[in-house]
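The values are calculated or read from the model by the stated rules, or taken from the named source; none is laboratory data. Note that this is a predicted model, so its numbers are computed, not measured. Note that each Cβ is placed from the backbone with ideal geometry, even for glycine, and that neighbours are counted across all protein chains shown. Calculation scope for accessible area: heavy atoms of the full protein, side chains included, ligands and nucleic acids excluded. Shrake-Rupley method; radii C 1.70, N 1.55, O 1.52, S 1.80 Å.
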Amino acid sequence: MNYKIEISLDNNEKFSTFLHENIRQFNNERSIHHKEARKKEAVQPINIIVSDDKENWIGGLNADVYWNWLEINDFWFSEKYRGKGLGGLLLDKAEKIAKEKGAKNALLTTFEFQARSFYEIKGYQVVGEIKNYPPGSSYYTMVKPLI
């Protein structure tokens, strides 16, 4: 068997696409859930946008619902608006919408310096931790049943 190994330390979009597409095909062949999630409208987005009185975005949340899960991707507020209950309000709204779309559980990730304690107060539990990522901190995977 002949092959060549090449090392590139530059971004290579074409190669990344090649790998991504082949992993996707592999997963589709072995997991009905992966294949189903790729169908049109199988992944249901949730975007909750918060604006100030001048229509400037000050924060919000985006998430997806698929596989009967709510996956929170990004959740942020401008410093000026933190600690005023907006985060809890948005998280409650996202969970309610997700339940209406069939979600039974919620999933998110957060760094130690971000919002772990906030999510724990809201009922999320750490199910995974990567220590010293980044150095001196931890990275958490958190879940919550939506019953």
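Yes/no per residue for (1) acidic (D, E); (2) open to solvent by less than 50 Å² (accessible area, probe 1.4 Å):
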site	(1), (2)
G60	no, yes
D74	yes, no
I97	no, no
A103	no, yes
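With respect to L91, determine if the residue is under 17 Å from G60 (Cα atoms) and at pLDDT 95 or above. Here the answer is yes, as L91 does meet what is asked.
Taking every residue in the range 94-111 that is aromatic (F, W, Y) and pairing it with any residue that is open to solvent by less than 70 Å² (accessible area, probe 1.4 Å), at least 6 positions away or on another chain, the pairs with Cβ-Cβ distances below 9 Å are F111/P134; F111/S137; F111/S138; F111/Y139; F111/Y140.
Under the condition of being open to solvent by less than 50 Å² (accessible area, probe 1.4 Å) and in a strand (DSSP E or B), the residues counted in the range 33-50 number 3. For the range 122-133, the condition holds for at least one residue, the condition being that it is open to solvent by less than 20 Å² (accessible area, probe 1.4 Å) and free of Cβ contacts under 8 Å to residues at least 40 places away in the same chain.
Filtered by the rule that a residue be aromatic (F, W, Y), within 14 Å of V50 (Cα to Cα) and either outside any helix (DSSP H, G or I) or touching a Phe, Trp or Tyr at 6+ places or on another chain (Cβ under 6 Å) (or both), the range 63-111 gives F75, W76, F77.
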